[in-house]
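Visitor: Please read through the structure below; I'll follow up with questions.
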Amino acid sequence: MTLTTEDLTGTVALVTGASSGIGEAAALALAGHGAAVAIVARRKDRLDELASRVEAGGGRALVLEADITQPAQAQEAVQRTVSDLGRLDTLVNNAGVMLLGPIVEAPLDEWERMIAINVQGLLYCAHAALPHLLAAAQDGPRRVSDMVNVSSVAGRVARNGSGVYNLTKHGVGAFSESLRQEMASRHVRVSLVEPGAVATELSSHNRPEIREQIQHRFGQIERLQSQDIADTISFIVTRPRHMAINEVLVRPTEQEG
């Protein structure tokens, strides 16, 4: 009996939010294990550059410029993946935005953006991908498929100033656990990854005063790198068929909360 599945050759992975940070690193890592990768984001120039890096390493990449907050575009991204690359074995729901600050007098558009990307976009991609993940678990080379949902420490611990971000990430955790139970007997593994502070663009979308607060909180610690989370995702999807990693909380060593 084969006890390792670290070789992803013959499989296809779709990664959302792949134009930077964790998504970019995850796409490179999965390609490094042999998967063909469909990379999804709104910034096509960055996706093109990422695709070139994947292909320079001997891999195959499909660039999909899409806004996953639009149901039709999320569905089209999945359909293009299957039609162009032949199948779908792994979905990494990574796209997300973190807009922090007090709830009182918060800009409503920030809440709407977080709900649209962190929750609705993830749901649209999951809904479109599940039939293909079920098919891959039945007839794929590994007889197992994976959905990895990237959440946050904020999905476990509510903090003053993170209210709606907490709401979205707690929701991702609840959805993931319910779907995990539903899919367990059908060998579609649903995993939740909850990073702490990572050195990415995530905090740069905040208002200046909020960015200053984030810098004050985390500026003195050594943050995680995107590759650290990509390594975690790779570990999850390369486990043998009988083993599922349900949830992983990854903090920088120096991060207390």
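The values are calculated or read from the model by the stated rules, or taken from the named source; none is laboratory data. As the structure is a prediction and not an experimental result, all values here were calculated from the model. Cβ coordinates were reconstructed from backbone atoms using ideal geometry, including for glycine residues, and neighbour counts include every protein chain displayed.
Visitor: Of Ala184, Ala199, which residue is more than 24 Å from Gly121 (Cβ to Cβ) and surrounded by fewer than 19 Cβ atoms within 10 Å (Cβ to Cβ)?
Guide: Result: Ala184 is the single residue among Ala184, Ala199 that is more than 24 Å from Gly121 (Cβ to Cβ) and surrounded by fewer than 19 Cβ atoms within 10 Å (Cβ to Cβ).
Visitor: Which of the numbered conditions does Val172 fail, given that it passes all the others? Conditions: (1) within 17 Å of the chain's Cα centre (by Cα); (2) farther than 14 Å from Met98 by Cβ; (3) not in a strand (DSSP E or B).
Guide: (2)
Visitor: Being surrounded by fewer than 24 Cβ atoms within 10 Å (Cβ to Cβ) and touching a residue at least 60 places away in the same chain (Cβ under 8 Å) narrows it down to one of Gly86, Gly57, Gly34, so name that one.
Guide: Going through Gly86, Gly57, Gly34 in turn, just one is surrounded by fewer than 24 Cβ atoms within 10 Å (Cβ to Cβ) and touching a residue at least 60 places away in the same chain (Cβ under 8 Å): Gly86.
Visitor: Evaluate the following for Val148: is it touching a Leu at 6+ places or on another chain (Cβ under 6 Å), outside any loop (DSSP other than H, G, I, E, B) and among the aliphatic types (A, V, I, L, M)?
Guide: Answer is no for this residue.
Visitor: Return the pair list, or none, for Cβ contacts closer than 8 Å from residues in segment 145-159 that are within 19 Å of Ala26 (Cβ to Cβ) to residues that are acidic (Asp, Glu), at least 6 apart or on different chains.
Guide: Ser145/Asp89; Asp146/Asp89; Ser151/Glu194; Ser152/Glu194; Val153/Glu194; Gly155/Glu194
Visitor: Take the residues in segment 65-83 that are β-branched (Val, Ile, Thr) and within 28 Å of Asn206 (Cα to Cα); name whichever of them is surrounded by the most Cβ atoms within 10 Å (Cβ to Cβ).
Guide: Ile68
Visitor: Would you call Arg189 under 29 Å from Arg60 (Cα atoms), touching a Gly at 6+ places or on another chain (Cβ under 8 Å) and either among the small types (Gly, Ala, Ser) or in contact (Cβ under 8 Å) with a residue 24 or more places away in the chain (or both)?
Guide: For Arg189, the condition - under 29 Å from Arg60 (Cα atoms), touching a Gly at 6+ places or on another chain (Cβ under 8 Å) and either among the small types (Gly, Ala, Ser) or in contact (Cβ under 8 Å) with a residue 24 or more places away in the chain (or both) - is not met.
Visitor: Looking at this structure, is Ile229 closer than 24 Å to Leu100 by Cβ, within 14 Å of the chain's Cα centre (by Cα), at pLDDT 95 or above and buried (at least 17 other Cβ atoms within 10 Å of the Cβ)?
Guide: Yes.
Visitor: Quick one: which of Val97, Val164 is assigned to a loop (DSSP other than H, G, I, E, B) and closer than 19 Å to Thr69 by Cβ?
Guide: The conditions single out Val97.
Visitor: Those residues that are buried (at least 18 other Cβ atoms within 10 Å of the Cβ) and either in contact with a Cys (Cβ under 7 Å, 6 or more places away or on another chain) or assigned to a helix (DSSP H, G or I) (or both), I need them from segment 232-257; list them, please.
Guide: Result: Thr232, Ile233, Ser234, Ile236, Val237.
Visitor: Here is a list: Ser162, Ser152, Ser204, Ser145. Which entry is surrounded by 18 or more Cβ atoms within 10 Å (Cβ to Cβ) and farther than 28 Å from Val78 by Cα?
Guide: Ser162
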